[in-house]
Amino acid sequence: MALFRDRRAFPRWSFIDSRTLARPRRAKDENSAESVPTPDEPMVEVAPQPEPTVEATRAGEPIAAPEVEAIPEPVPARPAADVAHVSWIEERRAWFATGDWPTEASEEAVQLAATHPERPYTPPLHPGLPTDSPAEVRARHGRGFASLTRRHRRRRHGHEQVQRRTDIDLAALEAALDSAASTVGDGLVDLVVWHATTGLALASRGHVAPEHASLWHGATREVRATLPYADLPDAVSYHLVGLADRRLAVLLHANPDLGACVTVDLDRVAVNALLATAVPQLSHALAATSREY
Amino acid sequence: MVLAALDVTVEALRQRVGDSLVALDIWESGSALSLAGFGMTPATGPMLHRVTEDLRQTATLAGSSLDDYHVLTVTGGVVVVVTRAHLSGALLLSADADLGWVLTDVIPQVRAALDAASV
């Protein structure tokens, strides 16, 4: 076993079987083509030499020298260099001594060291450390999916759109509308309050069509979005829209959670009193009905 | 329409409204092309014209119709937009301007001045 740092540029060490490493140059393997004789090469079979036999002799008889059979002529065989077994360790030692060994794992070794047994490892187009720092990646993508389940513990970043979660007290909202209606008096034509995010009507007084809330909601959003392009300051508190038949629509859009439209009859309502008392009271009441959690 | 007469109208409105008037712009109602004024950028007239048209469409869809004015409260002031058949105008008033006075006095004066200048 040998330790090699693989080419995937990760600070990870892989165990690579040294048997899969590239072989040294000019080194011959036992199973290489050079060492295995080809079928065309003439092979000479070496006959097994008979074992010398010693026969028992009688005692007292002179012991004659055993007859030694004539040694047959040596058969020309394969040169010793061709069949000599090369020690694998000696071969590596010689290889290491030359200093000609690869400095990185071969492609085959990398594939074998991959984490998946079957899926081939595809090296990245631009290996190396990522160009973006972890701080930049985290700022771009957040802290990961794990934190989505822990909303209250999630650290917010400046660029992220924080979704406000509000709880609107509908009973308090109805009470606020009753109070506003009593303050304005007979001059109130209609009054509608909508959710500032969705434009859905939450409560109303007077004859209000279902689409009124979304229409005025869209109009207020359009006005607020257009003012910066008109080189004017940001909109605050309310917007007075003169309507036909001497009616005045007061659009309240300062609250981030609720919007409202109060339509009054100018013949029955004093504008100064409306803007000095009824509108501020309604604004405060709307702000009190929504609670962020 | 005499453009030189619009300068007289602007000066007259400045005299009538007084120190509360911070900026003024008059544009043609059809093309939103700014014709006269002071203190505002060329983008103000067309953008307010667009806002007014959006409000007009909204009021129509809501079953009513837009009158010729609307008043926006902005940071540090009030924007009064008056639209007439030929000319439209926007006034940027300071925050201390009384809205009752704006609705009952300033807007009729602007309306009359625009009608007089468009003859």
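The values are calculated or read from the model by the stated rules, or taken from the named source; none is laboratory data. Everything numeric in this text was worked out from a predicted model, so none of it was measured. When we count neighbours, we look across all protein chains shown, and the Cβ atoms used for this are built from the backbone with ideal geometry, even at glycine.
Is it true that A:A230 is surrounded by 15 or more Cβ atoms within 10 Å (Cβ to Cβ) and more than 9 Å from every other protein chain (Cβ to nearest Cβ)?
It is false that A:A230 is surrounded by 15 or more Cβ atoms within 10 Å (Cβ to Cβ) and more than 9 Å from every other protein chain (Cβ to nearest Cβ).
Starting from residues that are within 13 Å of the chain's Cα centre (by Cα) and surrounded by fewer than 19 Cβ atoms within 10 Å (Cβ to Cβ), keep the ones in the stretch B:11-28 and report whichever is nearest to B:Q109 (Cα to Cα).
Here the answer is B:R14.
Report, by residue number, each residue of the stretch A:239-257 that is farther than 18 Å from B:T73 by Cα and touching a residue at least 40 places away in the same chain (Cβ under 8 Å).
The answer is A:R247, A:D257.
When the residues of the stretch A:194-220 are narrowed to those that are assigned to a loop (DSSP other than H, G, I, E, B) and closer than 13 Å to B:T58 by Cβ, which ends up nearest to the other protein chains (Cβ to nearest Cβ)?
Among them, the one singled out is A:A209.
Take the residues in the stretch A:237-246 that are facing chain B (nearest Cβ under 7 Å) and modelled with pLDDT of 90 or more; name whichever of them is surrounded by the fewest Cβ atoms within 10 Å (Cβ to Cβ).
Among those that are facing chain B (nearest Cβ under 7 Å) and modelled with pLDDT of 90 or more, it is A:A244.
Filter the stretch B:14-46 for residues that are over 21 Å from B:V74 (Cα atoms) and assigned to a helix (DSSP H, G or I) and give the result.
Within the stretch B:14-46, B:Q15, B:R16 qualify.
When you look at A:T183, is it modelled with pLDDT of 70 or more, loosely packed, with under 11 Cβ neighbours inside 10 Å and of a type outside the set (G, A, S), yes or no?
Criteria not met by A:T183.
Out of the residues in the stretch A:267-280 meeting the condition of being surrounded by 15 or more Cβ atoms within 10 Å (Cβ to Cβ) and in contact (Cβ under 8 Å) with a residue 60 or more places away in the chain, tell me which one is nearest to the chain's Cα centre (by Cα).
Ranking the candidates gives A:A278 first.
Of the residues A:V250, A:V262, A:V223, which is outside any loop (DSSP other than H, G, I, E, B), surrounded by 18 or more Cβ atoms within 10 Å (Cβ to Cβ), at the interface with chain B (Cβ under 9 Å from one of its Cβ atoms) and among the aliphatic types (A, V, I, L, M)?
After applying the criteria, what remains is A:V223.
Taking the stretch B:26-80, which residues are hydrophobic (A, V, I, L, M, F, W, C) and either touching a residue at least 60 places away in the same chain (Cβ under 8 Å) or more than 10 Å from chain A (Cβ to nearest Cβ) (or both)?
B:I26, B:W27, B:A32, B:L33, B:L35, B:A36, B:F38 - these are the residues of the stretch B:26-80 that are hydrophobic (A, V, I, L, M, F, W, C) and either touching a residue at least 60 places away in the same chain (Cβ under 8 Å) or more than 10 Å from chain A (Cβ to nearest Cβ) (or both).
Give the residues of the stretch A:256-265 that are within 18 Å of A:T183 (Cβ to Cβ) and of a type outside the set (A, V, I, L, M), sorted by residue number.
A:C261, A:T263, A:D265
Outside any strand (DSSP E or B), closer than 30 Å to B:P42 by Cβ, more than 8 Å from every other protein chain (Cβ to nearest Cβ) and of a type in the set (G, A, S) - does that describe any residue in the stretch A:277-287?
For the stretch A:277-287, residues outside any strand (DSSP E or B), closer than 30 Å to B:P42 by Cβ, more than 8 Å from every other protein chain (Cβ to nearest Cβ) and of a type in the set (G, A, S): absent.
I'd like to check something: does the stretch B:56-66 contain any residue that is under 22 Å from B:A113 (Cα atoms) and at pLDDT below 90?
no
Kindly establish whether A:L170 is within 21 Å of B:V51 (Cβ to Cβ) and either within 13 Å of chain B (Cβ to nearest Cβ) or surrounded by fewer than 22 Cβ atoms within 10 Å (Cβ to Cβ) (or both).
Judged against the criteria, A:L170 is not a match.
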